[in-house]
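A short worksheet on the structure shown next.
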């Protein structure tokens, strides 16, 4: 299982630390808030190149489709903005 598959049932301890480390490693020296700001445009450009069935089909059983990931990002956005507004950078 990918370190990015952070199931809620076990999202603590060593697995949570590995998840956070992987996210920080993927960011490199990029500003996390700038990455968040640029994500909508990057997603739109990427999705434009895909066929509709590619967007709706999960990559594997039990995994999310691109549509589901984007919905998750949209659902999470208010929480991310609230954290950045309170200085959690």
Legend entry - Which numbered condition residue 55 fails, given (1) surrounded by fewer than 12 Cβ atoms within 10 Å (Cβ to Cβ); (2) touching a residue at least 12 places away in the same chain (Cβ under 8 Å): (1)
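From the residues in the range 23-52 that are part of a loop (DSSP other than H, G, I, E, B) and under 16 Å from the mean Cα position of the chain (by Cα), which one is surrounded by the fewest Cβ atoms within 10 Å (Cβ to Cβ)?
28
Going by what's in this entry, would residue 20 be described as modelled with pLDDT of 90 or more and in a helix (DSSP H, G or I)? Write out each step before concluding.
Numbers: modelled with pLDDT of 90 or more: no; in a helix (DSSP H, G or I): yes.
No: the conditions fail for residue 20.
The values are calculated or read from the model by the stated rules, or taken from the named source; none is laboratory data. A quick note: this is a predicted structure, and the numbers were derived from the prediction, not measured. Positions of Cβ are generated from backbone atoms using ideal geometry, with glycine treated the same way; all protein chains shown enter the neighbour counts.
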